[in-house]
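The values are calculated or read from the model by the stated rules, or taken from the named source; none is laboratory data. Since this is a predicted model, take the numbers as computed values, not measurements. Reconstructed Cβ throughout: ideal geometry from the backbone, glycine too, with neighbour counts over all protein chains shown.
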């Protein structure tokens, strides 16, 4: 069983390399959403020892598909939305500012198994103090324990890989900045959960289809579909 999974993963990785190369050739003007930022470039791959050191430091095991990507394709760069984050950035609660005092605790399990949200209600002149307390609770890092940031959608929305907890290996969205809470990644229309290599390959398939059709990605339509 283990050997079969390793063979399947190697096949996926080779397909991904081929599709990424084709997309890069097709999208020379960087029409795909976020591609102007990453320009289909990949960072240097990670060695096995570097991955082991990261896992030991944070008392986790990285999902096998993500490990395979880091070792064989690249440590961040070309990918969905504005591209993949390097492994080292994955612990920052805020990818836009990356404050050292706001880090995700990977050693603790991710607390959710279903879409989670809190209703903050309306801010009025009579409830400012209570609203501020509720908002502080809403953005507490405890809600994202066990999540590794893998991509930045923009507008405060982050794509994450669960590295600790019962949802291990699945992709989840942190959309609290838009009052949408934390939920399983809806990128796949066929499955209610999606793992890293399938997520990445699905992005490639969608973008290849768009580029072959001569379409340019409309950012606003992506935002609307994600928040609907």
Exercise. Mind checking whether some residue in segment 105-115 is surrounded by 14 or more Cβ atoms within 10 Å (Cβ to Cβ), closer than 20 Å to residue 200 by Cα and within 17 Å of the chain's Cα centre (by Cα)?
Worked result: no
Problem set entry | Filter result for residue 139 (surrounded by 12 or more Cβ atoms within 10 Å (Cβ to Cβ) and in contact with a strand residue (DSSP E or B) (Cβ under 8 Å, 6 or more places away or on another chain)) | no
For this session: State the number of residues belonging to segment 181-214 that are under 14 Å from residue 115 (Cα atoms) and modelled with pLDDT of 95 or more.
Result: 4
For this session: Could you please let me know if residue 148 is touching a helix residue (DSSP H, G or I) at 6+ places or on another chain (Cβ under 6 Å) and more than 13 Å from residue 182 (Cα to Cα)?
Result: no
For this session: Check segment 165-180 and report whether any residue there is touching a helix residue (DSSP H, G or I) at 6+ places or on another chain (Cβ under 8 Å), at pLDDT 95 or above and on the phi > 0 side of the Ramachandran plot.
Result: yes
For this session: Please specify each residue of segment 49-78 satisfying the condition of being under 28 Å from residue 140 (Cβ atoms), touching a residue at least 40 places away in the same chain (Cβ under 8 Å) and either touching a strand residue (DSSP E or B) at 6+ places or on another chain (Cβ under 8 Å) or not in a helix (DSSP H, G or I) (or both).
Result: 59, 60, 61, 62, 63, 66
Exercise. Looking at segment 131-150, which of the residues that are assigned to a helix (DSSP H, G or I) and touching a residue at least 24 places away in the same chain (Cβ under 8 Å) is nearest to residue 83 (Cα to Cα)?
Worked result: 144
